[in-house]
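Just so it is clear, none of the values below were taken in a lab; they were calculated from the coordinates. Note that this is a predicted model, so its numbers are computed, not measured. Please note: Cβ atoms are built from the backbone with ideal geometry, for glycine as well, and neighbour counts cover all protein chains shown.
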Amino acid sequence: MALNRIVQRIPTGMASVKRCLWRRAPWRSQRCQQQHEQWVARKILARGVARPDSAGAESVLWWCRQFMWLGVVLFFGTSTVLAQPVFVIGESKIASHAALDADQAGFVAGLADSGFEEGRNLRIIRTDANGSMQAARRIAKDFLDQGVDLLHTISTPSTLAGLEYQADIPIVFSSVTDPISAGIVVAPVSAQQGVRDIHIGTGGESSGRNLTGVSDLWPVDMQMRLYQRMLPSAQVWGTIYNPSEPNSVRHIQRMRAIAIELGLVLLEATIDDSSQVYAAAQSLLPRVEAFVITSDNTTVNNLDALIDFAKEHQTPVFAGDVDSVRLGAVAAFGMDYFLVGYAAGRKAGLILQGVKPVDIPWGPLANFSFVINRQTAREQGLNIDPRMLKIADEVLDSDSDIRDGLSAMPGARGEPGAKDMAS
């Protein structure tokens, strides 16, 4: 209402400034300011003629005019400051689960530390595709039609959907496993020559497009070796994933290779909806001795079903993100997804400040933590070797520990106990 009253008081000669204030479009704010200043200057030059020499009524009238125009400058100048640009970000998340929710929260924190806060100069429109690629495409198109200033896509599917309707809107992605293999970023020269493996060209480079972001590539080799050491008796491991998720397919390929190297059997069950998780786990019995979760959004979206199955059949579940450990997984050597979102938020802040996305290198979050949940380990029939507890970054052993917020997670401290692991 305050803005309405201000705009109504603006003279008709400032129609262009009126339009800018009504729209409050961030990319027009500088032009509006220039139009406002030029209008005031013209009026002062037209009305504020040379000061009369006489000290009579004409002189008094001249001074009144000067004070009147000084008031105009101060009034509308203050109004311009109050009507500061409000940036609008469209946020598309493929599904709601602990890791992606933490990513979402970290993104807000990263933006705040860059000077952009909701309710002051920022508005975020949050959406959830509920695991549907079709819904993700519809969300991306809606954001294009709305003309948001920036699109934040959480996950590989949401980013691919955003690219289909990108137009001129910059994109900041996060929680994308392998942006190169998914075709999200342009491959470096090494990859184009056919010499790239999973560790080559994974960041620190321009995307080659109107986007940038943060990859959440998991250290699959280290995870499998560590989990095998926690449960050396298990020779048959099971995993569940949605083959329509490119990130999951990439992850499974690496898991197969390391399982062969370690002499393990990896049994796979595929699903296309999170409601199928329990049945998929059941289909792997009685051979499977432990579960290891991939970076699959469809599965993690219904992690509770898998945890319930694990307790019922005494079959431990190992995760790849530390947030899932608080929800019932036995252990994880992985990243804190709050930090993934935070890094993406800082990149988004640079874009809102005027930096081109192509000039902001994308890259992976390379910091990991080793977290163990002793309580759920007991519930799932696993006795943890004390030596593993010593090299963990954090050990949860009570309901209060599990309920602690994500902010209580330790800062990622690199690989766990490399010296102890080698002994």
Neighbour-limited loop hits for trypsin sites (Lys or Arg not before Pro), region 109-166 (at most 12 other Cβ within 10 Å; DSSP other than H, G, I, E, B)
120
Cα principal axis extents for region 306-397, largest first, Å
54, 28, 17
For region 205-311, what ratio Rg/Rh do Cα atoms give with a Kirkwood hydrodynamic radius?
1.01
HN-Hα J in Hz across region 165-181 - Karplus 6.51, -1.76, 1.60, θ = phi - 60°, x for Gly and Pro:
10, 5, 6, 9, 7, x, 10, 10, 9, 8, 6, 10, 5, 9, x, 6, 4
What is the fewest-to-most order of 365, 266 by other Cβ atoms lying within 10 Å of their Cβ?
266, 365
